[in-house]
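Peer 1: Just passing along the structure, written as structure tokens.
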Amino acid sequence: MTRATKWALAAGALALALLVALLPRTQDTPQDSGADLAQARERAGLAACRPGGGAPTSAPSAVAGADIADGVETYCLGDGTTPELGAVLGEGPTLVNVWATWCEPCRDELPLLDRYAAEPGAVRVVTVQVQSSPADGLRLLADLGVSLPTVHDGEGGRGPVREALRVPSALPASYLVSGGQARLVTEPRLFTSLDEVRTAVEDGR
């Protein structure tokens, strides 16, 4: 191989690397691929992110939470789709819980919320996983036996859902979303009983 040919190959490789580096990326949207993620998703068996499991039938302005959720795209942990937050919230009121795999109190609160959501007359409960990988989140939910509809809001920084809700750094954080507005539940800050969840929902309606 001549020196000129080597230089030409090197230049071509460099040009290809630069082209790949400049390709657009969705930084906080996980790629729905890989056997690890697929297996974790199948094991978790999460509920559909959209109420009823289908495409939204209402215009965004008719969906509860549209004011805070307008244009906010999410990543559905259960199936890898990217519905808007308003479509995930559905017709309110909706209880939204933000959690992370490293958050010990979250591990106690998530099963409690799952039990509440199964009660007759319960409002819709949606959870938001943050600051860890989708596969890790799916594995934790499966281990806890929690199948609530869940969106993933990025592995670091502040994702669009956290920005819309203005989530504090301390987790877990729960919100009651109704009429296009989100109210942080502060009494109690951490749910420890079903009665506390029921009371918070009733007080926030």
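The values are calculated or read from the model by the stated rules, or taken from the named source; none is laboratory data. All values derive from a computational prediction rather than experimental measurement. Counting neighbours? That spans all protein chains shown, and the Cβs are built from the backbone with ideal geometry, glycine included. When the accessible area is computed, the model is the full protein with side chains, heavy atoms only, and any ligands, DNA or RNA have been set aside. Shrake-Rupley method; radii C 1.70, N 1.55, O 1.52, S 1.80 Å.
Peer 1: Provide a single number: the residues in segment 119-132 that are over 18 Å from T199 (Cβ atoms) and open to solvent by 30 Å² or more (accessible area, probe 1.4 Å).
Peer 2: Qualifying residue count for the region: 1.
Peer 1: Can you name the residue in segment 103-135 that is at pLDDT below 95 and part of a helix (DSSP H, G or I) and is also nearest to L85 (Cα to Cα) among such residues?
Peer 2: P134
Peer 1: Is there a residue being open to solvent by less than 10 Å² (accessible area, probe 1.4 Å) and aromatic (F, W, Y) anywhere in segment 74-81?
Peer 2: yes
Peer 1: For segment 127-150, name all the residues that are among the hydrophobic types (A, V, I, L, M, F, W, C) and out of contact with any helix residue (DSSP H, G or I) (no Cβ under 6 Å at 6 or more places or on another chain).
Peer 2: V130, L140
Peer 1: So which residues in segment 36-45 are within 19 Å of R124 (Cβ to Cβ) and open to solvent by 30 Å² or more (accessible area, probe 1.4 Å)?
Peer 2: G45, the sole residue that qualifies.
Peer 1: How many of the residues making up segment 165-183 are surrounded by 14 or more Cβ atoms within 10 Å (Cβ to Cβ) and assigned to a strand (DSSP E or B)?
Peer 2: 8
Peer 1: Can I ask one more? The conditions are (1) in a helix (DSSP H, G or I); (2) at pLDDT below 90; (3) surrounded by 14 or more Cβ atoms within 10 Å (Cβ to Cβ), and P56 fails exactly one of them. Which is it?
Peer 2: Just one mismatch for P56, condition (1).
Peer 1: To continue, here is another question. Only one residue in E155, E196, E202 is charged (D, E, K, R), out of contact with any helix residue (DSSP H, G or I) (no Cβ under 7 Å at 6 or more places or on another chain), over 30 Å from A135 (Cβ atoms) and surrounded by 15 or more Cβ atoms within 10 Å (Cβ to Cβ). Which one?
Peer 2: None of the other options fit; the residue is E196.
Peer 1: Does segment 142-153 contain any residue that is under 23 Å from V72 (Cβ atoms), outside any helix (DSSP H, G or I) and modelled with pLDDT under 90?
Peer 2: No: zero hits.
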